[in-house]
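The structure appears right after this line, and notes come after that.
What follows is calculated from the coordinates using simple rules that are stated; it is not laboratory data. Everything numeric here is computed off the predicted structure, so don't read it as measured data. Quick reminder, even Gly has a Cβ in these numbers, built from the backbone with ideal geometry, and neighbours come from all protein chains shown.
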Amino acid sequence: AQSVTQLDSQVPVFEEAPVELRCNYSSSVSVYLFWYVQYPNQGLQLLLKYLSGSTLVESINGFEAEFNKSQTSFHLRKPSVHISDTAEYFCAVSEVIQGAQKLVFGQGTRLTINP
Amino acid sequence: EAGVAQSPRYKIIEKRQSVAFWCNPISGHATLYWYQQILGQGPKLLIQFQNNGVVDDSQLPKDRFSAERLKGVDSTLKIQPAKLEDSAVYLCASSLAPRSTNIYEQYFGPGTRLTVT
């Protein structure tokens, strides 16, 4: 079975500083990886995904994540954060078993931006 | 397009009472998921439907939880009787039907926050 570990439960950073949220997954034959973001009192929104091809994937709001097969990691990075990035971030891995797509989430990392 | 709708947004009940949550997925999405998100944890899949059939309910506590998706559109999740440890946010998500070579994004609703006292 797939599993995901997010190594930091909370990450406080100052505005305009860089940030990295770490994610490691259990290995499998086919790996599909996602980062979801949950703003306060809202549902989860897809931030970015890796399905195949280039190992570096980007979101429209400046986040990027790199799939590293040898280290079984999919860390999320942003070179300069804003107050509006305050949210909880979830890493997830997906697998398809007998026609069913199952998404397994990590425990989440709360990103707090200080002015 | 309209997103995934859930109601109610908040519910407070006493232990041993029953409660039901409703979900309306995005139009055309054959697959519907219910997740439980306990405070401080990531969402955990409870049950997955494809149209009106159950695909995966391996993590659903069937002694107290039940779910149905009549007509393959809306879905309800019920807890009877509720326990203190059922306090959580219940998230509904939907997606296109998965195929062996395609992974489709799951779209999440705002969730229902359940407090059991």
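I'd like to know which of A:F90, A:L51, A:Q10 lies farthest towards the positive end of the charge dipole of the stretch A:4-114, counting +1 on Cβ of Lys and Arg and -1 on Cβ of Asp and Glu.
Going by the Cα projections, it comes out as A:L51.
Write out the trypsin sites (Lys or Arg not before Pro) in the stretch B:50-117 meeting two conditions: DSSP loop, and at most 11 other Cβ atoms within 10 Å of their Cβ.
Those satisfying the criteria are B:K62.
Could you size up the charge dipole of the protein assembly as shown around its Cα centre, putting +1 on the beta carbon of Lys and Arg and -1 on that of Asp and Glu, and report it in debye to the nearest 20?
About 700 debye.
For the stretch A:30-41, take each phi angle, set θ = phi - 60°, evaluate the Karplus expression 6.51 cos²θ - 1.76 cosθ + 1.60, and give the result in whole Hz per residue in order, putting x for glycine and proline.
Those phi angles translate into 10, 10, 10, 10, 9, 10, 10, 10, 10, 7, x, 6 Hz.
Taking the Cα centre of each part, how many Å lie between the stretch B:58-112 and the stretch A:4-22?
The stretch B:58-112 and the stretch A:4-22 have Cα centres spaced 29 Å from each other.
Please report, largest first and rounded to whole Å, the three semi-axes of the ellipsoid equivalent to the protein assembly as shown, where each semi-axis is the square root of five times an eigenvalue of the C-alpha gyration tensor.
Semi-axes, largest first: 29, 22, 16 Å.
Counting only other residues whose beta carbon sits under 12 Å from that of A:T86, what net charge do I get with K and R as +1, D and E as -1?
-2
Based on the inverse mean of 1/r over its pairs of different Cα atoms, what is the Kirkwood hydrodynamic radius of chain B, in Å?
Across chain B, the inverse of the average 1/r is 14.3 Å.
Have a look at B:I12, B:Q106, A:N114 and report the one farthest towards the positive end of the charge dipole of the protein assembly as shown, computed about the Cα centre with Cβ charges (Lys/Arg +1, Asp/Glu -1).
B:I12
Using θ = phi - 60° and the Karplus form 6.51 cos²θ - 1.76 cosθ + 1.60, what ³J(HN,Hα) does each residue of the stretch A:61-73 get, whole Hz, x for Gly and Pro?
Rounded to whole hertz, the list is 10, x, 7, 9, 9, 10, 7, 10, 5, 5, 9, 6, 10.
Of the options B:L45, B:Y90, B:Q59, report the single residue whose Cα projects farthest towards the positive end of the charge dipole of the stretch B:5-96 (beta-carbon charges: Lys, Arg +1; Asp, Glu -1).
Comparing the listed Cα positions along the dipole, B:Y90 ranks first.
Evaluate E = 1/(1 + (r/R0)^6) for A:Y39 and B:N51, where r is the Cβ-Cβ distance and R0 equals 35 Å; express this FRET efficiency to the nearest 0.05.
0.65
With θ set to phi - 60°, apply the Karplus curve 6.51 cos²θ - 1.76 cosθ + 1.60 along the stretch A:45-51 and write out the HN-Hα couplings as whole Hz, x wherever there is a Gly or Pro.
Once θ is set to phi - 60°, the couplings for the stretch A:45-51 become 10, 5, 9, 6, 8, 10, 10 Hz.
Would you mind checking which residues have amide H under 5 Å from B:V55's amide H? H placed 1.01 Å from N; only 5 or more apart, or other chain.
Sorted by chain and number, the residues that satisfy this are B:Q48, B:F49, B:Q50.
Across 5 Å bins from the origin, how do the percents of Cα pairs in the stretch A:4-114 run, short distances first?
P(r) for the stretch A:4-114, in whole percents per bin: 2, 12, 24, 26, 19, 10, 5, 2, 0, 0.
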